[in-house]
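Taking it in order: structure first as structure tokens, then the write-up.
The values are calculated or read from the model by the stated rules, or taken from the named source; none is laboratory data. Source: prediction; values computed, not measured. Here the Cβ positions follow ideal geometry from the backbone for every residue, glycine too, while neighbour counts run over all protein chains shown. When the accessible area is computed, the model is the full protein with side chains, heavy atoms only, and any ligands, DNA or RNA have been set aside. Shrake-Rupley method; radii C 1.70, N 1.55, O 1.52, S 1.80 Å.
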Amino acid sequence: MIGRFSGLSRLPFRARTIALLALAGMICSSLTACFPIAATGMVVGALSITDRRTTGAQLEDQQIELKAFGRLRDRFKGDSAVTASVTSFNRTALVTGYVPDQATKVEVDQIIKKIENVRVVVNELIVGVPASLTIYGKDVVLTTRVKTALIDTRDVNANVIKVVTESGAVYLMGLVTNREADRASDVASRVPGVSRVVRAFEIITEEQRNALDSAGKAGQPLPETRGTSPVPASPAASGGSGAQVTPVR
């Protein structure tokens, strides 16, 4: 099984696909300005005009995820012990899932690093037995709960934060300031069922945030923005991603 879009058998694949499509629909319906780009049996893509990424960056992130899916599928086709999944945000590739050993974790890391436009790899792969379908179902629900908690928080713009959940661990991505990162991480850490919160944010300054938000409100093209990456490089060989973890409250 490779990534979020395949399963140990036909039934898990279909069940997980339905769950993912339902989640995508719930999240998109909670945003004020989402319009669909593509809807297939494998993935639903969308560009959001409330996002702090440029539309070009959003498209590149979708391409990174599709290329990662294809390359991992081709390399590990038929290997149910590998469930690597890639989520890209502003060209930072977060890798989650399970692999059978450290050597495979490093190999996956190298595959993703070679994909065009990937700037940083945050390798959060777990060496162990893949999670069950039941766990994946709980992750879908947990992602929705965290997203809802962020939406309900007045001082956090949930539209600019991507939430990914793997076996109870919540990963947060986005172009945010230190204040926004701290607040969002604290909110996520208080959601029941969350085992850990990993900050894979790209940190920007208050000035950069103001420029992005002002351009967005005025309907102007967003400036291409790069912040401080969550990690300087992907330290897969050492066994950890180096991303900051927020304690669960």
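Rounded to a whole number, what % of the accessible area of segment 135-235 do carbon and sulfur atoms account for, probe 1.4 Å? Write down the numbers at each step before the final one.
On the way: 2300 of 4470 Å².
Heavy-atom surface of segment 135-235 belonging to carbon and sulfur, 1.4 Å probe: 52 percent.
Against the 2.2 N^0.38 Å scaling, with N counting residues, where does segment 55-143 land? I'd like the Cα-based Rg ratio to two decimal places. Walk me through the numbers on the way to the answer.
Values: Rg = 13.1 Å, N = 89, 2.2 N^0.38 = 12.1 Å.
Here the Cα radius of gyration is 1.08 times the empirical estimate.
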Report the equivalent ellipsoid semi-axes for segment 98-249 in whole Å, largest first, defined as the square roots of five times the eigenvalues of the gyration tensor built from alpha carbon atoms. 27, 21, 13
Potential extension, Glu207-Thr148 segment - 0.36 nm per residue separation minus Cα distance: 18.5 nm
For segment 108-151, what are Rg and Dmax over the alpha carbons, in angstrom? 14.8, 36
Within 10 Å of each candidate Cβ there may be at most 11 other Cβ atoms; applying that plus a DSSP loop requirement, which GluC sites (Glu not before Pro) in segment 115-166 survive? Glu116
In Å and on Cα atoms, what radius of gyration and Dmax does segment 58-107 show? 11.2, 32
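Using r as the Cβ-Cβ distance of Arg183 and Arg226, and R0 as 22 Å, what FRET efficiency do you calculate, to the nearest 0.05?
Values: r = 22 Å, r/R0 = 1.00.
Calculated value: 0.50.
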Taking a ≥ b ≥ c as the square roots of the Cα gyration tensor eigenvalues, with a/c under 1.5 meaning rounded and otherwise prolate when a/b beats b/c or oblate if not, segment 95-170 comes out oblate
Take the Cα of Ile126, step 7 Å along the line toward its Cβ, and report every residue of segment 67-82 whose backbone nitrogen sits under 19 Å from that point. 80-82
Using 0.36 nm per residue of separation minus the Cα-Cα distance, give me the extension gain between Glu116 and Ser195 in nm, one decimal. 25.1 nm
Which distance in nm do the two modelled labels at Gln102 and Thr55 give, with both placed 7 Å along the Cα-to-Cβ direction? 4.7 nm
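From the alpha carbon gyration tensor of segment 166-212, can you work out the equivalent ellipsoid semi-axes (sqrt of 5 times each eigenvalue) and give them in Å, largest to smallest? Display every interim value, and only then the final one.
Values: eigenvalues 112, 20, 7 Å².
Equivalent ellipsoid semi-axes, largest first: 24, 10, 6 Å.
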